[in-house]
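Read-outs throughout are calculated quantities, based only on the coordinates presented, and are distinct from any laboratory measurement. Predicted, not measured: the structure shown is a model, and the values here were computed from it. When we count neighbours, we look across all protein chains shown, and the Cβ atoms used for this are built from the backbone with ideal geometry, even at glycine.
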Amino acid sequence: MPDRDEELRALRMENDLLSLEIEALRERMRRGGHDAEHADGVMVDGDRLRRLEEARRDLKWLLQRLGSGPLGTIMRRRTGYRRLAERHLSEE
Amino acid sequence: MTLIYRGRLDAAPAAQGEVLGEWDVLPADLLPRLATADALVVLDPVSFPFESLRPADWDVPVLVSLLGLGADDIAALGDDALRRLLPGDAVVAEAAAWDLASADRAWPDAMWLGPATASGVVERFLAGADRDAKASIRARAVVLRRQLQQLHPWTAFDAGGSASRFRPALPSYIDWVGTPPAAVVVAGDLAPDADPAALWEAVAPGGALVVLAEVVTVPGGPERAAATEVRDRVLAAGPAGALLADVESVPERPGPHRTAAVFTFLRGDA
């Protein structure tokens, strides 16, 4: 069975990837002025952004589930979990 | 379970598996079976409904027999079947038919199993067939293709040959040059100890560097650099105006996770 710290680390790295991807898409939209077309003619796929937002919501849900109930008491003792929770559950 | 499509042929099954005839492959029956199959052997490709397969159905390792087919048949199979084959799939064919089918498809020689569907040949393929590995290559190839299509390069350079396993799925209009510099340089697998400076040296002024990197250390797996570390490392090694133009994560199948990404960097000095 995988170590929980390893799972948290993988989750953190996946969040890092999704955040970077969303940041890149937002930057392209910002430069394009609207969400349909980039200034240099490259299409920005709104559906892709939507799918990413959904994936990020799923990951947040996972974090919330990990942090609730009896398991949550143990999880919140973990630095890795606290860091993820601070980053992704307290930002909105 | 291996699905063996015998179609209109009377040949004995080439391996253990569920044997399907011409009337057993209605899409409503076939597609659910494909979703859980370990491999698909197609002995009569002309009558197999390749056109019904959805993109994810191609995650299954496929062996296609071209035995007895002429040039017209092979050409007709191109759009629906042969165009979709990737490393992880296999072809049984006479040498001339292999040459014809593989021309311009960048298939590695390892995909050719020779000119016979003798039991041992097929069983060796089935023993090595790995649905997850094929799905992984296909998922990465799809994202790499999409990123390259945005750049629409006529020429590209495959740094280290690492993109070769994705080539059959990449845009066929790309002319892969043997030596840099090139307008687009593709690094198919950025190793943790790779030197991005060497990659940038291969990119022509105004060009782009497209990097596939594994960016999540999965439990029990090898150590990886995180996505932001990859971005920072590549940009730090690039020219002053270099920028990250896009990042696209690779959806893994099976499972909801994303562990790899394709980064598109621009030199920014056009």
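So the values come out like this:
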{"read-out": "Estimated inter-spin distance, A:S68 and B:E123, nm [label 7 Å along Cα→Cβ]", "value": "5.4"}
{"read-out": "Nearest-0.05 FRET efficiency for B:R33 and A:R78, computed from C-beta distance (R0 41 Å)", "value": "0.40"}
{"read-out": "Listed residues B:P61, B:P219, B:P87, most fluctuating in chain B (Gaussian network, C-alpha, under 10 Å)", "value": "B:P219"}
{"read-out": "Between 0 and 90°, nearest 10: helix B:27-36 axis offset from chain B longest Cα axis", "value": "60"}
{"read-out": "Principal-axis tilt of helix B:227-237 within chain B, Cα atoms, nearest 10 degrees", "value": "50"}
{"read-out": "Chain lengthening between B:W176 and B:M1 when straightened (0.36 nm per residue, less Cα-Cα)", "value": "59.2 nm"}
{"read-out": "Between 0 and 90°, nearest 10: helix B:119-128 axis offset from chain B longest Cα axis", "value": "30"}
{"read-out": "Distance in nm between pseudo-label sites at B:D80 and A:E6 (7 Å out along the Cβ direction from Cα)", "value": "4.5"}
{"read-out": "Distance in nm between pseudo-label sites at B:D269 and B:L26 (7 Å out along the Cβ direction from Cα)", "value": "6.4"}
{"read-out": "The protein assembly as shown: calculated mean residue ellipticity at 222 nm from DSSP helix runs of at least 4, using -39500 (n - 2.57)", "value": "-12500 deg cm²/dmol"}
{"read-out": "Segment B:7-87: trypsin sites (Lys or Arg not before Pro) in DSSP coil with no more than 13 other Cβ atoms inside 10 Å", "value": "B:R8"}
